[in-house]
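Quick one: structure below, then a few questions.
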Amino acid sequence: SGAQQTLAILKPHVVKNPFSLSRIKNIILNANFKIVHLKRKTIDLREAEAFYGEHKGKFFYNRLVTFMTSGPCELMILTKENAIQEWRQLMGPTKVFRAQFEAPDSLRGQFGLSDTRNATHGSDSPESAMKEIEIFFPEFRLETVINF
Ligand code: DAT
Ligand code: MG
């Protein structure tokens, strides 16, 4: 065991709303995640396509890429014991109606607006965490970031 890292994204509609943004950051810190690196940036098309490559061809892909590049996101490396699973748990289900009914206190339950604008992203495995951190924090050397 030991600390694990995950890549979290606060999506553009959250970053546009200072009230939601500060509430989510308080929730993150109260859940004992450490924000070890944070940058606010508008994701470019090349990054969005690399990041969401597994979804290319799906009906929501163009909508997703358009939304994610529409304004600044906050990109974070979070660390905690079992961070990948714990962050997915805190986010709640992908689909906003499921989140609102099954996990109303989750981040997506509280701050999600639609299946695309579902407030947050979280890596789904150690392999995707490495890949995603490399896309958005290429200045971080991976062997210093991932500590299984
Ligand atoms: P997650 O973000 O929970 O890992 P995913 O990897 O299946 O979910 O999908 C990536 C993102 O794509 C998701 O956060 C929002 C968008 N998305 C997924 N399914 C969708 C759908 N049915 N309609 C619209 N957007 C969707
Ligand atoms: Mg995913």
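Does LEU64 meet the test of being away from ligand 2 (no atom under 13 Å from the Cβ) and either of a type in the set (A, V, I, L, M, F, W, C) or on the phi > 0 side of the Ramachandran plot (or both)?
no
Restricting region 110-119 to residues that are surrounded by fewer than 21 Cβ atoms within 10 Å (Cβ to Cβ) and within 14 Å of ligand 1 (Cβ to nearest atom), which is nearest to LYS39 (Cα to Cα)?
ARG117
Here is a further query. Looking at (1) out of contact with any strand residue (DSSP E or B) (no Cβ under 8 Å at 6 or more places or on another chain); (2) within 13 Å of ligand 1 (Cβ to nearest atom); (3) of a type in the set (A, V, I, L, M), which is the one condition that is false for MET130?
So MET130 meets the others, but not (2).
What is the number of the single condition among (1) under 12 Å from the mean Cα position of the chain (by Cα); (2) more than 16 Å from ligand 2 (Cβ to nearest atom) that CYS73 does not meet?
(2)
Is there a residue being touching a residue at least 12 places away in the same chain (Cβ under 8 Å), part of a loop (DSSP other than H, G, I, E, B) and away from ligand 2 (no atom under 16 Å from the Cβ) anywhere in region 117-132?
Within region 117-132 (the criterion being touching a residue at least 12 places away in the same chain (Cβ under 8 Å), part of a loop (DSSP other than H, G, I, E, B) and away from ligand 2 (no atom under 16 Å from the Cβ)), the answer is no, since none of the residues qualifies.
Bear in mind these aren't lab numbers, they're just calculated from the coordinates by the rules spelled out. Just so you know, these numbers come straight off a predicted model, no measurement behind them. Note: ideal-geometry Cβ built from the backbone for every residue, glycine included; neighbour counts use all protein chains shown.
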